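Here's the structure, in structure tokens; my notes come after.
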Amino acid sequence: MEQNSNRKPVIGITHGDINGIGYEVLFKAFAEANITELFTPIIYGSAEAEAFWRNYLTVETAPWRKITTSGEAKEGEINLISCTTQNVQVEVGVPTPLAGRCAFDALERAMEDALNNRIDALVTAPINKATMPQDLFPFKGHTDYLGAKCGLKENESPLMILTSGDIRVALATTHVAISEVAGLLSESLLLEKLQAIESSMQRDFDIEKPRIAVLSLNPHSGDRGLMGREEIEIITPTLQKAREQHKLLAFGPFAADGFWGSAELYKYDAILALYHDQGLAPFKSLFMNEGVNFTAGLPIIRTSPDHGTGYDIAGKNLASSASLTAAIYLAIDTIRRRNRYNYARRNPLRKGYNERGNDNEILAPTPHSEE
């Protein structure tokens with residue numbers, strides 16, 4: 001969406017699974033005083049689900065403003081687009097196919113607006129992948145879906161980054177069985193992820209030359225091959241190549257247990273974990289209530305709270321909105337950072353000096369051709 005200094009960013013937020021804690025955390029997040037002074041929210045959800053949860057949770061604030069298109073969104077209001085044609089029936093704390101379809105419909109409508117620049121960023125509330133309509137959503141999660149919808153090429157893939165404050169954890173592999181991880185590790189995969197991390201740190205987090213820590217696959221970094229040779233044969237040589245040929249500040253491999261329990265955690269701008277639980281289990285233990293899931297490598301901006309549907313606490317008024325609020329604020333910050341990044345690089349100067357020999361030797365003028 002085209003930016004100007006007078007317009008607040010428009011943030012689209014999907015309602016996620018209607019039977020979980022999605023609406024509870026939305027109500028709590030928007031109960032914060034003056035939150036809409038920073039941005040214009042559009043909830044992609046269901047008026048029926050909102051009404052149900054408003055009554056179930058005895059929410060006393062005024063109902064959200066109903067609109068039919070993103071262009072009708074009003075600043076200073078919480079705007080709601082009903083996205084599903086289904087007859088919505090909420091079953092508190094129960095995974096149902098209807099809840100999955102409602103989540104999918106909201107996601108599709110929000111992505112349509114995001115890809116057509118009608119919203120500035122997308123925040124997704126949690127879904128249950130098992131209830132999503134498999135014929136329409138043949139993906140392992142939001143990340144794969146977003147990559148496909150954004151038209152990423154076969155050799156490209158979005159990068160999951162979990163972040164809280166100055167801690168940022170990316171995953172080399174995501175939703176795969178632990179038995180498959182070692183076979184997926186390769187020089188090309190690790191280099192792709194390291195380059196994607198650096199690119200995102202520069203564009204999305206305003207860190208020009210990030211220091212990246214890479215965790216080992218095996219206990220004690222393989223203990224010189226006694227507990228696996230991936231560190232010797234793949235990870236260490238790749239990190240050396242990353243530093244020498246690609247000029248990446250990539251270090252390691254670090255034994256994961258010692259790394260997470262030491263001050264090393266705070267010495268790096270980003271961490272590359274090699275598999276899902278190696279990165280997410282300790283991260284969520286430390287930052288569960290305020291962590292944010294950020295998807296790097298997309299043409300759109302997408303964040304998400306770092307928790308699931310919360311069926312076990314749905315309707316009990318126990319859910320915290322801190323992670324959702326953090327996801328919204330990170331989306332706003334990322335909009336500003338990307339705008340600065342793009343503005344600074346909008347008209348790059350033609351290189352005018354040789355990179356070898358005398359630094360003062362000016363290249364001969366290049367004839368300009370008509371464009």
For this session: Quick one: count up the residues across segment 230-248 that are surrounded by fewer than 17 Cβ atoms within 10 Å (Cβ to Cβ) and either at pLDDT below 90 or hydrophobic (A, V, I, L, M, F, W, C) (or both).
Result: 1
Seminar exercise, completed: Among LEU115, LEU171, LEU152, LEU122, the single one that is closer than 23 Å to THR309 by Cα and not assigned by the TED database to the domain that holds ALA242 is LEU122
Exercise. If ALA33 satisfies every condition in (1) crowded, with 21+ Cβ neighbours inside 10 Å; (2) more than 23 Å from ASN87 (Cβ to Cβ); (3) among the small types (Gly, Ala, Ser) but one, which is the exception?
Worked result: (1)
Exercise. Do we have SER70 as open to solvent by less than 70 Å² (accessible area, probe 1.4 Å), of a type in the set (S, T, N, Q), touching a His at 6+ places or on another chain (Cβ under 7 Å) and closer than 26 Å to PHE137 by Cβ here?
Worked result: no
For this session: For segment 310-324, enumerate the residues that are open to solvent by 10 Å² or more (accessible area, probe 1.4 Å) and either under 15 Å from VAL123 (Cα atoms) or not in a loop (DSSP other than H, G, I, E, B) (or both).
Result: TYR311, ASP312, ILE313, SER321, ALA322
Problem set entry | Complete set of residues in segment 8-26 that are surrounded by fewer than 23 Cβ atoms within 10 Å (Cβ to Cβ) and free of Cβ contacts under 8 Å to residues at least 60 places away in the same chain | none
Exercise. Applying the selection to segment 76-105, what residues are open to solvent by less than 60 Å² (accessible area, probe 1.4 Å), in contact with a Phe, Trp or Tyr (Cβ under 9 Å, 6 or more places away or on another chain) and closer than 21 Å to TYR329 by Cα?
Worked result: ILE78, ASN79, LEU80
Exercise. Here is a list of conditions, (1) modelled with pLDDT under 90; (2) of a type in the set (Val, Ile, Thr); (3) open to solvent by less than 30 Å² (accessible area, probe 1.4 Å), and THR366 meets all of them except one; can you say which number that is?
Worked result: (3)
Problem set entry | Total residues in segment 112-130, condition open to solvent by less than 70 Å² (accessible area, probe 1.4 Å) and within 30 Å of GLY93 (Cα to Cα) | 10
Seminar exercise, completed: LEU280 passes all but one of the listed conditions (1) at pLDDT below 95; (2) in a strand (DSSP E or B); the exception is number (2)
Problem set entry | Residue pairs meeting the criteria (Cβ under 8 Å; at least 6 apart or on separate chains; first in the same structural domain as ASP206 (by the TED database) and open to solvent by 30 Å² or more (accessible area, probe 1.4 Å), in segment 257-273; second assigned to a strand (DSSP E or B) and among the hydrophobic types (A, V, I, L, M, F, W, C)) | GLU264/ALA213; GLU264/PHE254; TYR266/ILE167; LYS267/ALA213; ASP269/ILE212
For this session: Inspect segment 179-193 for any residue being surrounded by 15 or more Cβ atoms within 10 Å (Cβ to Cβ), over 24 Å from LEU265 (Cβ atoms), in contact (Cβ under 8 Å) with a residue 12 or more places away in the chain and of a type in the set (A, V, I, L, M) and give the result as yes or no.
Result: yes
Exercise. Could you say which residue among ILE328, ILE332 is of a type in the set (A, V, I, L, M, F, W, C), in contact with a Phe, Trp or Tyr (Cβ under 6 Å, 6 or more places away or on another chain) and in a helix (DSSP H, G or I)?
Worked result: ILE332
Seminar exercise, completed: Note on ILE167: of the conditions (1) within 26 Å of ILE42 (Cα to Cα); (2) open to solvent by less than 70 Å² (accessible area, probe 1.4 Å), unmet is (1)
Seminar exercise, completed: Given the conditions (1) within 25 Å of CYS150 (Cα to Cα); (2) at pLDDT 95 or above, every one holds for GLU2 apart from (2)
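The values are calculated or read from the model by the stated rules, or taken from the named source; none is laboratory data. Note that the coordinates shown come from a computational prediction; the quantities given were computed from them, not determined experimentally. Backbone-built Cβ (ideal geometry, glycine too); neighbour counts: all protein chains shown. With ligands, DNA and RNA removed, areas are computed over all heavy atoms of the protein, side chains included. Shrake-Rupley method; radii C 1.70, N 1.55, O 1.52, S 1.80 Å.
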